[in-house]
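Read through the structure below, which is laid out as structure tokens, and then see the notes.
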């Protein structure tokens, strides 16, 4: 199968280089997903204070938001929440 010992070494080195590249790619993938996860917002474990964003900051049409609020009130809605990127829109 192998002509000499150097053939085995060459195959081993090729395999070793491939595994190093694969490991590097996997580590890069994990690292970039960790960076993305750090920018997400999660509700606090204690207390009732959530980060909020105004509808103007989101670029939402204030008139349509008011229509939605009127509709919810007409249906006797007790609660309603809009989350954008995990943050409450007030």
Practice problem: Test residue 60 against the stated conditions and say whether it is more than 22 Å from the chain's Cα centre (by Cα) and assigned to a loop (DSSP other than H, G, I, E, B). | Solution: yes
Quiz item: When residues of the stretch 1-24 are filtered for being modelled with pLDDT of 75 or more and touching a helix residue (DSSP H, G or I) at 6+ places or on another chain (Cβ under 6 Å), how many remain?
Solution: 0
Quiz item: Is at least one residue of the stretch 25-40 part of a loop (DSSP other than H, G, I, E, B), at pLDDT below 85 and either within 30 Å of residue 82 (Cα to Cα) or touching a strand residue (DSSP E or B) at 6+ places or on another chain (Cβ under 8 Å) (or both)?
Solution: yes
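The values are calculated or read from the model by the stated rules, or taken from the named source; none is laboratory data. Note that the coordinates shown come from a computational prediction; the quantities given were computed from them, not determined experimentally. With ideal geometry, Cβ positions are generated from the backbone for all residues, glycine too; neighbour counts draw on all protein chains shown.
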